[in-house]
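Every number here is computed from the coordinates shown, using simple stated rules; none is lab data. All values reported here derive from a predicted model rather than from experimental measurement. No Cβ is skipped: glycine too gets one built from the backbone with ideal geometry, and neighbour counts run over all protein chains shown.
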């Protein structure tokens, strides 16, 4: 007879399921407890009736011990692996409490965090444990708790006379109450409690209800092979989610018999063998390490052949070893989370056991974050209550990033394999990412290894930290055997991983790796434990020059020395001929840097020796000859330098200059015109056919390193100034710069730039030739793909962030510059310096950047020149219309007494109040335009979740001429011929008209006759400021011109492009030296920078900003023809604009094309794009080329 509520799957309560079974099938065995002593294999079988009474006895006992409460009270527990874990879970629910299972592997801090967050004030202790564990004793000393002594298993099972403890709640009443509580593992921080509500548990019950739908591949839900009467054994501890699922939930929900191993016996291969022989196990739930061990123990594995399957969960198994297991007994690979349990897993074909498939109702999305690697997300859908348990735990969320990484099956698109965690990934300093789990899992199968971790985040080279078993002797024989395992793991790895023998190290014996209950390593905690050790380890490797000796007596002795230097990572070099190619022998680019660093230090060559020398001379004979030549030149130069050595005062002056260049730089008032965000550019370079991406990257890196020496501030970070500084103003910023490197016996060493990283997209993005044929369209290589970066960074923030993206035949150099520190001209100066520095390190002795003024980064210059040249004026003498040229509103409550020709008037926030007619006639500047001021930076993303699509139009050379001709014939244009004015007028007009038509024709909005469209045009103030300001000054000198027109007039067919261009030309005429200096004065008076506002913020206005690069050409940016085609000049330059597509209305005019065509780029919503396609003026002059 089945329990009466057996068909109400997903809405059943586990205590009631037990009571029903005890009533209708009282003699059914629900638990069997193994008792193995002295070769005797015995089991204590517990029937449904006996177990239900023991649960009731536990509930009555708890009720007598815990004071009644209106809320569910958590009961903390750590105990032996016996039936009391299960009895406590059931009994606590009946008694109005909830068992909170803590991991015994927690430290005191972690346990206290869980107890505090769960508001747990009652601790349950096994009565036979008279001595509290150090962990329990430790947290009880810091957190007073009531301690209960839980009776033994025998006492609780002795319950024949126990009265039933009723549990009468409905599912609706109990759904949000906890069945039990666990906590996260704490691998990425302190552990946090997780409540497993009855509704969450119900999602496990409901899996069998998943229907066959389109997209499930015809695969059944994972529970379809779990049948009533099956016997299950789990090796997981019951402080772990998988232990609770397999020992409590699945036996109850699917009518299984559960076997518990002997209390006090840790799961091991001998226990597995005994259970296989005597317990009749159908379903095995094993921790990953036992699955791996089983694959290496064929005699035990053979005894599991009669079982149905092994359920592998809790972490990744070794693919090769577990495949052996799958040949004997099916491996059912499951994936889930503590917060959501198993969501949507399907049963894949046996040969695909390593891969996962998920039911479409799971709501899963796999977002590609790098080529071939996908991050796991889950989105709430209409089926969430029964099939998306994670939203029972997080009811307020619509989407959750699980941070698991997967790869897609090469031929079966609905199958996915676990690759690691996004927070486990090791990211080297060159940007290369290593997913370490499969590598670590394979290496850890070595019989003498307890565990290992790939290390090296932020370093040039990955390393391996190995924890050996306590019996292992760390000798050469052990290391050789481990290294053989490492080489095999690298060979079998699906991703390119470089590990060198010299970067393998052993963990310290007194610092065991920190582990979770399931035995997996807590990566973050262990790396934190070993942080100092790892840093010392890398320092010892990077300071290799101390151990390197280059005998320069002759070329032959240099060759012998090189064999020793290179031999540690290139053993083949010992027996190689003098003409054998290093790279054909197996030398990789990572070791090139290490070798060059060592040889530099040994010979004192510093920047005279670079990786390019190795690439250009990749044999012993050639490289030794180069070293001999460089060493000879260095000795000669040292003699000449000594003979022509300046006096001591010259050295002191130069040292003082270098140190002063690295003093913190406080920004000036103009710099705040650009708030906190990055300005990004993409430069497209064709590679020479004989140059590898690695060579080109080394060239870019070397040039960038020199550029940082010329402009040390580019190596700095932007940060908030201290509020203790004299004259501090809220929001003040400064640039902090790394100190001048100290002199060492080996010379002054500048670190490898951290800001530039390498990325190879050869197999992902189109070739450079295809990009060129397509016109380098934005859609062909997305901005966030080329340079993932926080657009509005947290402080401290790097001044420069860059990535060299290599495609077949070319390089896309993507760079972000902090816009608060550099304006557009400043960015171009930085790029030109970088480019010329690349030519210099390649041997161009004329590329000295002598055009770069030493004061280019002196942010005090605008203030100095403003004062020295007598441009300071009292604020009351400044035309209040000047505020219209700034992105800041007048200080709130500020009232300005302005005097013009002896006549005073008062304005507030830029608007005239009672100004008489004479004053209005004398007023030079118009009243600042008014818009809906948003004063939040960064601007919030569109509240409706909309995102503009980057759209590109081309005005062909013929149409440019046609546009000029048409405007010239327009008498209203008043003779305007500037192509810049005409294109800006055309662009502003068509962009706003598309929005206007959508608003009025589709949404039925009414636009008033006085409603303005404001066009914000950044204007470079350098030409207006001072002849003494260096042309290469890099700080911000921008103001904003804000021409405006009524929207209806701007969009009217009776208004010509020439008339709009006149408005722009008239506005441009207002920019004068006085205006720019007055703007600087007003900026200096701001009490803080809170009242920042731009008209183009948000997607719903009729305003826009245009960045006009039409006259900018790339002829000044030459990186040298040694590595790049096209003479070292970029084929094109593209600003990165997609980052603002949820926040701004930003338009860009690209640099004039070589053929005279002009590209216009903007973001559009679908209806707007449709309007642009149908706009007669657009059709007449422009062509849509990308959207």
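With label points built 7 Å along Cα→Cβ from the Cα atoms of residue 770 and residue 214, find their separation and express it in nm.
3.0 nm
Please compute the length gained on full extension between residue 1009 and residue 1116, using 0.36 nm multiplied by the number of residues separating them and subtracting their Cα-Cα distance.
Result: 33.8 nm gained on full extension.
I'd like the Kirkwood hydrodynamic radius of the range 785-852, using the inverse of the mean 1/r over distinct C-alpha pairs, in Å.
Numbers: mean 1/r = 0.0724 Å⁻¹.
With all distinct Cα pairs of the range 785-852 included, I get 13.8 Å.
By how many degrees, 0 to 90 and rounded to 10, does the Cα axis of helix 648-661 deviate from the longest principal axis of the chain?
Taking the Cα atoms of the chain, the angle to 648-661 is about 70 degrees.
In degrees, nearest 10, range 0 to 90: what is the angle between the Cα axis of helix 269-278 and the longest Cα principal axis of the chain?
It works out to around 50 degrees.
Computed FRET efficiency, Cβ-Cβ of residue 568 and residue 617, R0 30 Å: what is it to the nearest 0.05? Write out the running numbers ahead of the final one.
Working: r = 20 Å, r/R0 = 0.67.
For residue 568 and residue 617, the calculated efficiency is 0.90.
Taking 8 Å as the Cα distance limit and 6 or more residues as the minimum spacing, I'd like the relative contact order of the range 177-263 as a percentage. Working shown, then result.
On the way: 93 pairs, mean separation 19.1, N = 87.
Rounded, it is 22 percent for the range 177-263.
Equivalent-ellipsoid semi-axes (√(5λ), Cα gyration tensor) for the range 192-283, whole Å, largest first?
Details: eigenvalues 145, 67, 26 Å².
They are 27, 18, 11 Å, listed from largest to smallest.
Counting other C-beta atoms within 10 Å, which of 950, 58 has the fewest, and how do the rest follow? All intermediate terms of the calculation are to be shown ahead of the outcome.
Numbers: 950 20, 58 26.
Going from sparsest to densest Cβ surroundings: 950, 58.
Determine, for 736, 952, the number of other Cβ atoms within 10 Å of each Cβ, and report the residues in order from fewest to most. Kindly include the intermediate steps, with their values, before the conclusion.
On the way: 736 16, 952 20.
With the sparsest Cβ surroundings first, the list reads 736, 952.
Starting from the Kirkwood radius over alpha-carbon pairs of the range 282-345, derive D by Stokes-Einstein at 20 °C in a medium of 1.002 mPa s and give it in µm² s⁻¹.
Details: Rh = 11.9 Å.
After rounding, the answer is 180 µm²/s.
Beyond 29 Å, what share of the Cα-Cα pairs of the range 288-444 is found? Please give it as a whole percent. Intermediate values should be presented prior to the final figure.
Values: 2831 of 12246 pairs.
Taking all Cα-Cα pairs of the range 288-444, the fraction more than 29 Å apart is 23 percent.
Per DSSP H run of n ≥ 4, the term is -39500 (n - 2.57); total these for the chain, divide by its residue number, and report the mean residue ellipticity at 222 nm rounded to 500 deg cm²/dmol. Please report the intermediate quantities before stating the final value.
Working: 40 runs with 385 residues, N = 1187.
Dividing the helical sum by the residues of the chain leaves -9500 deg cm²/dmol.
Please compute the Cα-Cα pair-distance distribution of the range 659-715 with 5 Å bins starting at 0, giving whole percents from short to long.
Going out from 0 Å in 5 Å bins, the range 659-715 shows 4, 13, 14, 18, 18, 14, 9, 7, 4, 1 percent.
Give the calculated FRET efficiency between residue 719 and residue 752 to the nearest 0.05, with a Förster radius of 30 Å applied to their Cβ-Cβ distance. Could the numbers behind the result be given before it?
Values: r = 23 Å, r/R0 = 0.75.
My answer for the efficiency is 0.85.
Restricting to the chain, compute how many DSSP beta bridges are antiparallel as a %, nearest 5. Intermediate results must be reported in sequence, preceding the final value.
Working: 105 of 153 bridges.
Percent antiparallel among DSSP bridges in the chain is about 70.
May I ask what percent, to the nearest 5, of DSSP beta bridges between residues of the range 47-196 are antiparallel?
Working: 4 of 19 bridges.
The antiparallel proportion sits near 20 percent.
Let's test this: bin the Cα-Cα distances of the range 47-196 at 5 Å from zero up to the farthest pair and state each bin's percent.
Taking all Cα pairs of the range 47-196, the binned fractions are 2, 9, 19, 22, 20, 15, 8, 4, 1, 0 percent.
Below 8 Å, C-alpha to C-alpha, sequence gap of six or more: please give me the relative contact order for the chain in percent.
Relative contact order here is 8 percent.
Could you tell me the ratio Rg/Rh of the range 660-841? Both radii from Cα atoms, Rh via Kirkwood. Walk me through the numbers on the way to the answer.
Working: Rg = 17.9 Å, Rh = 17.8 Å.
Ratio of gyration radius to Kirkwood radius: 1.01.
Please work out the Cα center distance from the range 792-811 to the range 936-955, rounded to the nearest Å.
22 Å
Nearest 0.05, what FRET efficiency do residue 306 and residue 23 give at R0 = 41 Å with Cβ-Cβ as r? Walk me through the intermediate numbers first.
Numbers: r = 34 Å, r/R0 = 0.82.
The formula returns an efficiency of 0.75 here.
Quick one: helix 824-841 against the long Cα principal axis of the chain, what's the angle to the nearest 10°, folded into 0 to 90?
Tilt relative to the chain: about 80 degrees.
Under a point spin-label approximation (7 Å from Cα along Cα-to-Cβ), what is the residue 1183-residue 729 distance to one decimal in nm?
5.0 nm
Using the Cα atoms of the chain to build a convex hull, what is its mean projected area in square nanometres?
Average of the hull's projected areas for the chain equals 56.2 nm².
Compute the relative contact order of the range 660-841 as a whole-number percentage, counting only Cα pairs closer than 8 Å that sit 6 or more residues apart in sequence.
Details: 277 pairs, mean separation 69.3, N = 182.
Taking the mean separation of contacting Cα pairs over the length of the range 660-841, I get 38 percent.
Residue 1052 to residue 533: extension gain in nm, 0.36 nm per residue of separation minus the Cα-Cα distance? Could the numbers behind the result be given before it?
Values: separation 519, 0.36 × 519 = 186.84 nm, distance 7.11 nm.
Here the segment from residue 1052 to residue 533 would lengthen by 179.7 nm.
Between residue 171 and residue 780, with labels modelled 7 Å along Cα→Cβ, what's the label distance in nm to one decimal, could you check?
Here the answer is 5.7 nm between the modelled labels.
Ranking 575, 230 by Cβ neighbours within 10 Å, fewest first, what do you get? It would help to have the intermediate numbers written out before the result.
Working: 575 9, 230 20.
Final ranking by Cβ density, sparse to dense: 575, 230.
Once you have the Cα-Cα distance between residue 327 and residue 551, take 0.36 nm times their residue separation minus that, and quote the gain in nm to one decimal. Could you put the intermediate results ahead of the total?
On the way: separation 224, 0.36 × 224 = 80.64 nm, distance 5.83 nm.
Taking residue 327 through residue 551 to full extension adds about 74.8 nm, to one decimal.
Quick one: of the DSSP bridges fully inside the range 660-841, what percent are antiparallel, nearest 5?
Details: 27 of 32 bridges.
If I count the DSSP bridges inside the range 660-841, around 85 percent turn out antiparallel.
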